[in-house]
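**Q** I'd like to ask some things about the structure below.
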Amino acid sequence: MSAYLLRSVRGTPYWMAPEVISDSGYGRKSDIWSVGCTVFEMATGKPPLASMHRVAAMFYIGAHRGLMPALPARFSSAAAEFVHAYQHERPSALQLLDHPFVKGGQ
């Protein structure tokens, strides 16, 4: 199923993956991006780029292709690495379930 890429823009700007914003086709990796944004929001109380207007956040995400804020230093290295992974590596859901942040509860 990973060969199927959808091409309609759907989602809420703060949680939209760069490929969704650029309308270049998206799939499961886009959902991984959104999971990472949700973890960021759960940790900080706000989604990444919450200080920006929604449209500005969309332009930023589209232009910077994954350059998003890191978790503040007060969070564990496992949590910070988990959030970093969604932005850069986009591991599968199975790989994320095996991540130390999920397995260790840190």
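**Q** Could you list, in sequence order, all residues of the range 35-61 that are surrounded by 18 or more Cβ atoms within 10 Å (Cβ to Cβ) and closer than 16 Å to Asp23 by Cα?
**A** Ala57, Met58, Ile61
**Q** Continuing with this model, one more query. Output the residues belonging to the range 75-106 that are touching a residue at least 60 places away in the same chain (Cβ under 8 Å), surrounded by fewer than 16 Cβ atoms within 10 Å (Cβ to Cβ) and either part of a helix (DSSP H, G or I) or of a type in the set (Phe, Trp, Tyr) (or both).
**A** Selection gives Ala93 alone.
**Q** Same structure again: State all residues of the range 56-74 that are closer than 18 Å to Gly45 by Cα and not in a helix (DSSP H, G or I); if no residue qualifies, say none.
**A** Across the range 56-74, the qualifying residues are Met68, Pro69, Ala70, Leu71, Pro72, Ala73, Arg74.
All of the numbers you see were taken from the coordinates with simple rules; none came from a lab. Predicted model only: the values in this text are computed from it and were never measured. Because the Cβ atoms are built from the backbone with ideal geometry, glycine has one as well, and the counts that use them run over all protein chains shown.
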